[in-house]
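The values are calculated or read from the model by the stated rules, or taken from the named source; none is laboratory data. Keep in mind that this is a model prediction, so the values were computed, not measured. All Cβ positions, glycine included, derive from the backbone under ideal geometry; neighbour counts span all protein chains shown. These area figures cover heavy atoms from the full protein model, side chains too; ligands, DNA and RNA do not enter into them. Shrake-Rupley method; radii C 1.70, N 1.55, O 1.52, S 1.80 Å.
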Amino acid sequence: MRTAPTGGDAQLGVLDGAKLLWIETPSNPGLDVCDVRRLAEAAHARGALVAVDNTLATPLGQRPLELGADFAVASGTKQLTGHGDVLLGYVTGRSGEAMAAVRRWRKIVGAIPGPMEAWLAHRSIATLHLRVDRQNATALALARALRERSDVTGLRYPGLPDDPSHRIASRQMRRYGCVVSFALPTRARADRFLDALRLVDDATSFGGVRSTAERRGRWGGDAVPEGFVRFSVGAEDPEDLIADVLRALDDPAG
Ligand SMILES: *Cc1c(COP(=O)(O)O)cnc(C)c1O
């Protein structure tokens, strides 16, 4: 296996000899975007298949198969179901033959959702469009509010017109997701900010109706600054949420 950064379509440099190109765009937690159509063409020219992890965008935000991917995969645990009460995932694909192999594998390993999980997902998908529209609109408003702050650096949201991802994102995405990322000057400052938030839980998952945020560096696995915060915008009242964030940034203890 070879890996390459998402931004700048760096995957092009590692395609030779690959059988499968696996892309996550927007990437998590850095929110870089790669050009799915361009990468799929380059991969197919070398005989490689292409899978896109569409968890962050959701099917309402991005349709990887229409952009040339062979498979779209996603965690259904996040925004697709949105209530933090079910663990699920899915694979969709273009080719009947490839999907028959996926189904065969699923049958053999037993990765089949229980009736309760299926019911929870079905109930949740009825509000997907409402949640996605609300959470995306608030994420953009939050990103705009954070852009005005001198203590916030490295702000990323693909829906911001001046974000480095926006040019490609605006061509291949219909909505830009509910995750905003940014950095505060130090680890202590980020921890105090997270403690001071009242409407936002300090938690790792994302996409739920309740806003969550975490200091990503606590896991040690991502190349992010110590003060890096991944913020998942929920369905709360937008003004209340943004006021809570600005108050937590200004908190004397923060
Ligand atoms: C969370 C996540 C997964 C794993 O999903 P689970 O449903 O929690 O197992 C896979 N891909 C991405 C991009 C994710 O964010």
> What nm distance separates the two modelled labels at Trp219 and Asp162, each placed 7 Å from Cα along Cα→Cβ?
Replying inline: 3.0 nm
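Looking at the range 7-125, what % of its DSSP beta bridges pair antiparallel, to the nearest 5?
Around 40 percent antiparallel, to the nearest 5.
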> Kirkwood Rh over Cα pairs of the chain into Stokes-Einstein at 25 °C, 0.890 mPa s: D in µm²/s?
Replying inline: 129 µm²/s
> What distance in nm separates the simple spin-label points at Ala100 and Ser205, each placed 7 Å from Cα in the Cβ direction?
Replying inline: 3.6 nm
> At a probe radius of 1.4 Å, what is the per-residue accessible area of Ile108, in Å² to the nearest 10?
Replying inline: 140 Å²
> With axes computed from alpha carbons, what is the tilt in degrees of helix 238-250 against the longest principal axis of the chain, rounded to the nearest 10 within 0 to 90?
Replying inline: 60 degrees
> Counting DSSP beta bridges in the chain, what percent are antiparallel, to the nearest 5?
Replying inline: 60 percent
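Subtracting the Cα-Cα distance from 0.36 nm times the residue separation, let me have the gained length for Lys107 to Arg46 in nm, one decimal. Please report the intermediate quantities before stating the final value.
On the way: separation 61, 0.36 × 61 = 21.96 nm, distance 3.08 nm.
The Lys107-Arg46 span can extend by a further 18.9 nm.
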>> Rolling a 1.4 Å sphere over the protein heavy atoms, what is the accessible area per residue of the range 7-125, to the nearest Å²?
In response: 50 Å²
> Relative to the longest principal axis of the chain, what angle (0 to 90°, nearest 10) does the C-alpha long axis of helix 128-147 take?
Replying inline: 50 degrees
> Accessible area of Ser150, 1.4 Å probe, to the nearest 10 Å²?
Replying inline: 120 Å²
